[in-house]
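S.K.: I am attaching a structure below and will ask some questions about it afterwards.
The values are calculated or read from the model by the stated rules, or taken from the named source; none is laboratory data. Because the structure is a prediction, the values reported are computed rather than measured. Cβ placement follows ideal geometry from the backbone for every residue including glycine, while neighbour counts extend to all protein chains displayed.
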């Protein structure tokens, strides 16, 4: 495969956006190793590698499936008419093959971790493929998308321990609301097209102003959940610093988007959320290191 084709494929699946959920999954990985009855342990290198492979494969399969499912709408939406499947830079057949290979890689990676991870991998695939069709019948598809990424911390915990600690569900819920909130912001730019095409979204149902308030509520709830998570594990001050940093960055993100001015959507969506996930991981990782016996 030529470098140009590789770049086209990576563009189709927005590979660089893997940074959004991956740091939260890695945080759960560290929490699982730290609190799984052996408080001096860290994840092994093979565990980390296979978790990253599984995460990237799952997201790649999800994004490719989304492009396949939405191809008809992408051809009609002026904002998406430059996407590779629309322009013909990539064929629909190639997209299907890529999706199946990515799904197989996820299952294989899960098999390298533990039996429960393997058993649950088809369930994860079912959810992420299901999301691609939710805009056809519910305005709350943003929450479904959030849930698809929100399961990653719980999946990482299972990958390390073979079990599930209820406390990590706080992190899964936080990621769900975080992703749902910024997806609501991003969907504001498609409000007119969605209404014409008969697609459902929170902006389409409640208007841009209403959607912005819903996104703010989701992100406020995310910060509360992170605080509860921090206290549930008894983490020291770096975790608090990370949570405060997330809150401040979210406030900045929302300051960029106004009902009558969506020109800074891309900055709010891509740049700020990348900082949020990376800073969260660094601060919470530091907290686990500081609290290590």
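S.K.: Looking at 180, 139, 174, which is the one that is at pLDDT 95 or above and under 23 Å from residue 231 (Cα atoms)?
M.R.: Going through 180, 139, 174 in turn, the sole match is 174.
S.K.: Residue 157 fails exactly one of the following numbered conditions: (1) in a helix (DSSP H, G or I); (2) over 23 Å from residue 47 (Cα atoms). What is the number of that condition?
M.R.: With (1) in a helix (DSSP H, G or I); (2) over 23 Å from residue 47 (Cα atoms) applied to residue 157, the lone miss is (2).
S.K.: Identify the residue in segment 68-83 that is under 21 Å from the mean Cα position of the chain (by Cα) and assigned to a loop (DSSP other than H, G, I, E, B) and, among all such residues, is farthest from residue 131 (Cα to Cα).
M.R.: For segment 68-83, the residue satisfying everything is 83.
S.K.: Separate question: Take segment 135-148 and flag every residue that is buried (at least 19 other Cβ atoms within 10 Å of the Cβ) and in a helix (DSSP H, G or I).
M.R.: Listed by number, the residues that qualify are 135, 141, 142, 143, 144, 145, 146, 147, 148.
S.K.: Quick one: would you say residue 227 is modelled with pLDDT of 95 or more and either more than 21 Å from residue 274 (Cβ to Cβ) or loosely packed, with under 15 Cβ neighbours inside 10 Å (or both)?
M.R.: yes
S.K.: A follow-up question, please. When you check residue 145 against the structure, is it touching a residue at least 24 places away in the same chain (Cβ under 8 Å), over 30 Å from residue 289 (Cα atoms) and touching a strand residue (DSSP E or B) at 6+ places or on another chain (Cβ under 9 Å), yes or no?
M.R.: When the stated conditions are applied, residue 145 does not pass them.
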